[in-house]
Amino acid sequence: MTPQTIGERIRARRKALKLTQKSLAKALKLSDVSISQWERDDSEPTGKNLFALVKVLRCSPTWILFGDEDETPEEPTAPLIVLDERKQELLDLFDALPESEQEIQLNQLRAKVENFNNLFNELLKARKRIQKK
């Protein structure tokens with residue numbers, strides 16, 4: 001059965017992506033009550049929320065609003081990854097950099113991680129030496 005209302009389409013797409021109301025709300029930075037109201041057709045997403053919703057649900061706004069058959073979303077191929085605020089900010093900042101600078105930043109991060117791993121290993125070795133005494 002094809003979902004007939006906006007709420008039914010939101011619920012169907014959310015479930016197809018294996019998202020809970022809570023995880024969808026977190027991704028949209030809204031309350032899960034808002035998602036529940038949309039799915040019950042008590043209210044509808046508007047403006048900014050609609051565009052954030054279609055981005056997370058990976059579908060078109062016209063499909064959400066009108067159920068246009070030619071805009072029916074494809075079956076999801078990969079699970080949706082919801083990023084916390086800091087990780088999303090990191091990606092947004094990274095994407096804002098020129099490609100040459102992105103490569104420099106990646107190399108610096110790789111070096112930092114390697115240095116921290118080496119430091120950690122040195123601390124473990126020192127701790128083992130102290131414990132043997």
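Any residue at all in segment 122-132 that's touching a residue at least 60 places away in the same chain (Cβ under 8 Å), among the aliphatic types (A, V, I, L, M) and not assigned by TED's automatic domain parsing to the domain that holds L30?
No, because not a single residue in segment 122-132 is touching a residue at least 60 places away in the same chain (Cβ under 8 Å), among the aliphatic types (A, V, I, L, M) and not assigned by TED's automatic domain parsing to the domain that holds L30.
Within segment 32-133, which helices (runs of 4 or more DSSP H) (wholly inside it) include 1 or more residues that are of a type in the set (S, T, N, Q) and farther than 30 Å from I6 by Cβ? Can you show your working first?
Values: elements: 32-39, 47-57, 61-66, 85-96, 99-132.
Ranges flagged: 99-132.
Determine whether segment 92-115 contains at least one residue that is among the aliphatic types (A, V, I, L, M), over 16 Å from the mean Cα position of the chain (by Cα) and within 24 Å of R13 (Cβ to Cβ).
Within segment 92-115, none of the residues are among the aliphatic types (A, V, I, L, M), over 16 Å from the mean Cα position of the chain (by Cα) and within 24 Å of R13 (Cβ to Cβ).
So in segment 1-31, with the set limited to residues that are touching a residue at least 60 places away in the same chain (Cβ under 8 Å) and outside any loop (DSSP other than H, G, I, E, B), which one is surrounded by the most Cβ atoms within 10 Å (Cβ to Cβ)?
Just the residues of segment 1-31 that are touching a residue at least 60 places away in the same chain (Cβ under 8 Å), to begin with: 2-4, 13, 16-19.
This time we only want the ones that are outside any loop (DSSP other than H, G, I, E, B), so: 13, 16.
Details: R13: 23, A16: 15.
Filtering first and then ranking leaves R13.
If we scan segment 17-36, do we find a residue that is out of contact with any strand residue (DSSP E or B) (no Cβ under 9 Å at 6 or more places or on another chain), over 19 Å from V82 (Cα atoms), at pLDDT 90 or above and of a type in the set (A, V, I, L, M, F, W, C)?
no
Does at least one position in segment 90-98 carry a residue that is of a type outside the set (A, V, I, L, M, F, W, C) and at pLDDT 90 or above?
Residues of segment 90-98 that are of a type outside the set (A, V, I, L, M, F, W, C), as a first pass: 92, 95, 98.
If we keep only those that are at pLDDT 90 or above as well, we get 98.
Yes, that holds for at least one residue.
Condition first: among the hydroxyl-bearing types (S, T, Y) and closer than 14 Å to I64 by Cα. Now tell me which residues in segment 22-47 satisfy that.
Let us first name the residues in segment 22-47 that are among the hydroxyl-bearing types (S, T, Y), namely 23, 31, 34, 36, 43, 46.
Residues satisfying the conditions are S43, T46.
The values are calculated or read from the model by the stated rules, or taken from the named source; none is laboratory data. Computed from a predicted model, the values in this text were never measured in an experiment. Cβ sites come from the backbone with ideal geometry, for glycine too, and all protein chains shown count toward neighbours.
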